[in-house]
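Asker: Below are the structure tokens for one structure; questions will follow.
The values are calculated or read from the model by the stated rules, or taken from the named source; none is laboratory data. This structure is a prediction, so every number in the text was calculated from the model and none was measured. Cβ atoms come from the backbone with ideal geometry, glycine included; neighbour counts cover every protein chain shown.
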Amino acid sequence: MKPLRVGLLGFGTVGSGVWNVLQRNGGEIARRAGREIVITHVAARAADGSLERARAACSEKCDGVTVLDDAAAIVHDPSIDIVCELIGGTTVARTWVLDAIAQGKHVVTANKALLAHYGTEIFAAAHDKGVMVAFEAAVAGGIPIIKALREGLSANRIEWIAGIINGTSNFILSTMRETGASFSDVLKEAQDLGYAEADPTFDVEGIDAAHKLTIMASIAFGIPMQFDKAFAEGITKLTREDIRYAEELGYRIKLLGIARRVHGSVADKGIELRVHPTLIPEKRLIANVEGAMNAVLVKGDAVGPTLYYGAGAGSEPTASAVIADLVDVTRMHTADPEHRVPHLAFQPDQLSIIPILPISEVNTSYYLRLRVLDQSGVLADITRILADHSISIEAFLQKEATQGEDEVDIIILTHLAIEKDVRTALTKIEALKSVKDKGVLIRMEGLH
Ligand code: HSE
């Protein structure tokens, strides 16, 4: 059978990984796919040196590969079956993906931002054209979480997902806990080691994780991609004190992406879609995922909790996911489009319009740290305000005052409460004369 012809857009970390793994394992991959998968064209940029790298790789290992700096030429080349978009961003990548679809080509992409923002448009175009858009590499790098959610767990009603889906943030939080260093010092170390970008905003502000969570939630619950409704709070304000106090109470703080189905009295009330630093019990397996690794915990009603762990980024781990998609497309491209696995797991006319709940409506537990005067009646005032808002206390910790100081830190862990009630209570607590600073609020999940 004729090989399937792939045009690679981008020859950076992931693109070169795809090239290398296909060169190394091509024979084995063809045995799985049923035919050979060959990269016939590569588009790369001269400005960042990737064009030169692509030329060198291609001339070393293989003749007959066209390397150029013109992605549009590849997208419009009728000899290409699959366009593999590994450029990133939401501008030219969107144009080329939509153009490739319009040309009747299948698309494999690792671009989470593109799908989180424009997934609805892209999948609708692909459906109309009868082509596949595969995106395993867009979420959690090498972990086959899209495959698990879309196919492996298809018997289940998915109840919730909780994931460590940003390796940079996890590296920073792990190092802060291990060394007691501050956020800014560890960020600098992460940048020096190449874990964090020069502009780390997307990673440390939870935006990258929110892109990935948006995609997973869509597949898990059969809802459209709604990145604009996802809540994202990053790790930049976390202090080493809070990490230490959490540890003393038996918790770790992780940047979690959480998507949860919330039941109403008769039907689903909505979906929680939120990324934020989260206290989780240290005895949970996911609490012990350290460094730049990723992990996703998925709770299905039939299977119970399942945990997926692995490298969330990197050249060959991400290439592993991209090539798995190339194999899937190769196996399925002759199948009737109506009988392929739907892009978002559910049939396109079966997507649901369950609302995404605002963060104020989220029902979870909280860690509150308050700086207060060490004198009688202070605790009574605070607990009265909490009780007035039906917020029940699960645990309490008071640190001894340092010599010569009349202020202490107190830490309160609450039972489940609605966030808007906790915020209202906190505002009232902060207004007490005995409370000396803004309180720290960190959400907490048992992950039972
Ligand atoms: N920047 C991401 C992370 C990897 O730190 O996990 C690519 O999604």
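Asker: Tell me whether segment 154-168 contains one or more residues that are over 26 Å from Ile253 (Cβ atoms), aliphatic (A, V, I, L, M) and more than 9 Å from the ligand (Cβ to nearest atom).
Answerer: yes
Asker: Turning to a different aspect of this structure: Taking segment 211-232 as the search range and keeping residues that are of a type in the set (A, V, I, L, M) and in a helix (DSSP H, G or I), which one is nearest to the chain's Cα centre (by Cα)?
Answerer: Taking segment 211-232 and keeping what is of a type in the set (A, V, I, L, M), we get 213, 215-217, 219-220, 223, 225, 230, 232.
Those still in the list that are in a helix (DSSP H, G or I) too: 213, 215-217, 219-220.
Values: Leu213: 5, Ile215: 8, Met216: 8, Ala217: 10, Ile219: 13, Ala220: 14 Å.
The selected residue is Leu213.
Asker: State yes or no: is Val329 farther than 20 Å from Ala217 by Cα, more than 13 Å from the ligand (Cβ to nearest atom) and touching a residue at least 24 places away in the same chain (Cβ under 8 Å)? Working first, answer last.
Answerer: Working: farther than 20 Å from Ala217 by Cα: yes; more than 13 Å from the ligand (Cβ to nearest atom): yes; touching a residue at least 24 places away in the same chain (Cβ under 8 Å): yes.
Taking the combined requirement at face value, the residue satisfies it.
Asker: Let me ask another. Just the residues that are surrounded by 13 or more Cβ atoms within 10 Å (Cβ to Cβ), closer than 20 Å to His276 by Cα and of a type outside the set (A, V, I, L, M, F, W, C), please, taken from segment 162-194.
Answerer: Hits for segment 162-194 are Gly163, Asn166, Gly167, Thr168, Ser169, Asn170, Ser174, Thr175, Arg177, Ser182.
Asker: Take segment 417-433 and flag every residue that is touching a residue at least 40 places away in the same chain (Cβ under 8 Å), under 31 Å from the mean Cα position of the chain (by Cα) and surrounded by fewer than 17 Cβ atoms within 10 Å (Cβ to Cβ).
Answerer: Ile418, Lys420, Arg423
Asker: Another question, if that's okay. Quick one: which of Ile354, Ile323 is closer than 30 Å to Tyr118 by Cβ, outside any helix (DSSP H, G or I) and either within 16 Å of the ligand (Cβ to nearest atom) or among the aliphatic types (A, V, I, L, M) (or both)?
Answerer: Working: Ile323 fails: outside any helix (DSSP H, G or I).
On inspection, the qualifying residue turns out to be Ile354.
Asker: Please find, among Ala56, Ala47, Ala73, the residue that is assigned by TED's automatic domain parsing to the domain that holds Ala100 and part of a loop (DSSP other than H, G, I, E, B). Lay out the reasoning, then the answer.
Answerer: On the way: Ala56 fails: part of a loop (DSSP other than H, G, I, E, B); Ala73 fails: part of a loop (DSSP other than H, G, I, E, B).
Exactly one residue qualifies, and that residue is Ala47.
Asker: Further, regarding this structure: Looking at this structure, is Arg94 assigned by TED's automatic domain parsing to the domain that holds Gly119 and within 30 Å of the chain's Cα centre (by Cα)? Spell out the reasoning first.
Answerer: Numbers: assigned by TED's automatic domain parsing to the domain that holds Gly119: yes; within 30 Å of the chain's Cα centre (by Cα): yes.
It is true that Arg94 is assigned by TED's automatic domain parsing to the domain that holds Gly119 and within 30 Å of the chain's Cα centre (by Cα).
Asker: Yes or no: Ala335 under 19 Å from the mean Cα position of the chain (by Cα) and part of a loop (DSSP other than H, G, I, E, B)? Even if it seems obvious, please write down each step before you answer.
Answerer: On the way: under 19 Å from the mean Cα position of the chain (by Cα): no; part of a loop (DSSP other than H, G, I, E, B): yes.
No; evaluated as a whole, the condition is false for this residue.
Asker: A follow-up question, please. Mind listing whichever residues of segment 380-394 are out of contact with any His (no Cβ under 9 Å at 6 or more places or on another chain) and surrounded by 15 or more Cβ atoms within 10 Å (Cβ to Cβ)?
Answerer: Pass one, segment 380-394, residues out of contact with any His (no Cβ under 9 Å at 6 or more places or on another chain): 380-390.
Matches in segment 380-394: Asp381, Ile382, Thr383, Ile385, Leu386, His389.
Asker: Now, a different point. Just give me the residues in segment 277-298 being in contact (Cβ under 8 Å) with a residue 60 or more places away in the chain, away from the ligand (no atom under 16 Å from the Cβ) and surrounded by fewer than 21 Cβ atoms within 10 Å (Cβ to Cβ), in sequence order. Before the answer, list the steps.
Answerer: At the first step, the residues of segment 277-298 found to be in contact (Cβ under 8 Å) with a residue 60 or more places away in the chain are 277-281, 284, 286, 289-298.
Filter once more, keeping what is away from the ligand (no atom under 16 Å from the Cβ): 278-281, 284, 297-298.
Answer for segment 277-298, where residues must be in contact (Cβ under 8 Å) with a residue 60 or more places away in the chain, away from the ligand (no atom under 16 Å from the Cβ) and surrounded by fewer than 21 Cβ atoms within 10 Å (Cβ to Cβ): Pro281, Arg284.
Asker: If you scan segment 98-113, which residues turn out to be over 15 Å from the mean Cα position of the chain (by Cα), outside any helix (DSSP H, G or I) and either at pLDDT below 95 or within 24 Å of Gln226 (Cβ to Cβ) (or both)? Break it down stepwise before answering.
Answerer: Restricting attention to segment 98-113, the residues satisfying the condition of being over 15 Å from the mean Cα position of the chain (by Cα) are 98-109.
Within this subset, residues satisfying the condition of being outside any helix (DSSP H, G or I) are 103-109.
Residues satisfying the conditions are Val107, Val108, Thr109.
Asker: Restricting to segment 320-337, give me the number of residues that are of a type outside the set (S, T, N, Q) and surrounded by fewer than 22 Cβ atoms within 10 Å (Cβ to Cβ).
Answerer: Looking only at segment 320-337, we keep the residues that are of a type outside the set (S, T, N, Q), and these are 321-329, 331-333, 335-337.
If we keep only those that are surrounded by fewer than 22 Cβ atoms within 10 Å (Cβ to Cβ) as well, we get 324, 327-328, 331-333, 335-337.
Number of matching residues: 9.
Condition check ((1) modelled with pLDDT of 95 or more; (2) surrounded by fewer than 15 Cβ atoms within 10 Å (Cβ to Cβ)) across all residues:
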{"residue": "Arg5", "(1), (2)": "yes, no"}
{"residue": "Leu8", "(1), (2)": "yes, no"}
{"residue": "Phe11", "(1), (2)": "yes, no"}
{"residue": "Glu36", "(1), (2)": "yes, no"}
{"residue": "His41", "(1), (2)": "yes, no"}
{"residue": "Ala47", "(1), (2)": "no, yes"}
{"residue": "Ala54", "(1), (2)": "no, no"}
{"residue": "Glu60", "(1), (2)": "no, yes"}
{"residue": "Gly64", "(1), (2)": "no, yes"}
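Asker: When you look at Thr95, is it β-branched (Val, Ile, Thr), assigned to a helix (DSSP H, G or I) and without any contact (Cβ under 8 Å) to a residue 60 or more places away in the chain, yes or no? Show your work before the answer.
Answerer: Working: β-branched (Val, Ile, Thr): yes; assigned to a helix (DSSP H, G or I): yes; without any contact (Cβ under 8 Å) to a residue 60 or more places away in the chain: yes.
Judged against the criteria, Thr95 is a match.
Asker: Also, I was wondering about something else. Could you go through segment 383-402 and let me know if any residue there is at pLDDT below 95, under 22 Å from Glu241 (Cα atoms) and among the hydroxyl-bearing types (Ser, Thr, Tyr).
Answerer: The answer is yes, given that some residue of segment 383-402 is at pLDDT below 95, under 22 Å from Glu241 (Cα atoms) and among the hydroxyl-bearing types (Ser, Thr, Tyr).
Asker: If the requirement is being in a helix (DSSP H, G or I), within 12 Å of the ligand (Cβ to nearest atom) and assigned by TED's automatic domain parsing to the domain that holds Ala287, which of these qualifies: Asp185, Asp192, Asp208, Asp199?
Answerer: Values: Asp185 fails: within 12 Å of the ligand (Cβ to nearest atom); Asp192 fails: within 12 Å of the ligand (Cβ to nearest atom); Asp199 fails: in a helix (DSSP H, G or I).
None of the others qualify; the one that does is Asp208.
Asker: Please go through segment 124-143 and give me each residue that is within 16 Å of the ligand (Cβ to nearest atom) and closer than 19 Å to Phe346 by Cβ, ordered by number. Spell out the reasoning first.
Answerer: Initially, segment 124-143 is screened for residues within 16 Å of the ligand (Cβ to nearest atom), giving 135-143.
The answer is Phe135, Glu136, Ala138, Val139.
Asker: Which ones in segment 299-315 are within 16 Å of the ligand (Cβ to nearest atom) and in a strand (DSSP E or B)? Give the derivation first.
Answerer: Residues of segment 299-315 within 16 Å of the ligand (Cβ to nearest atom): 308-315.
Answer for segment 299-315, where residues must be within 16 Å of the ligand (Cβ to nearest atom) and in a strand (DSSP E or B): Tyr308, Tyr309, Gly310, Ala311.
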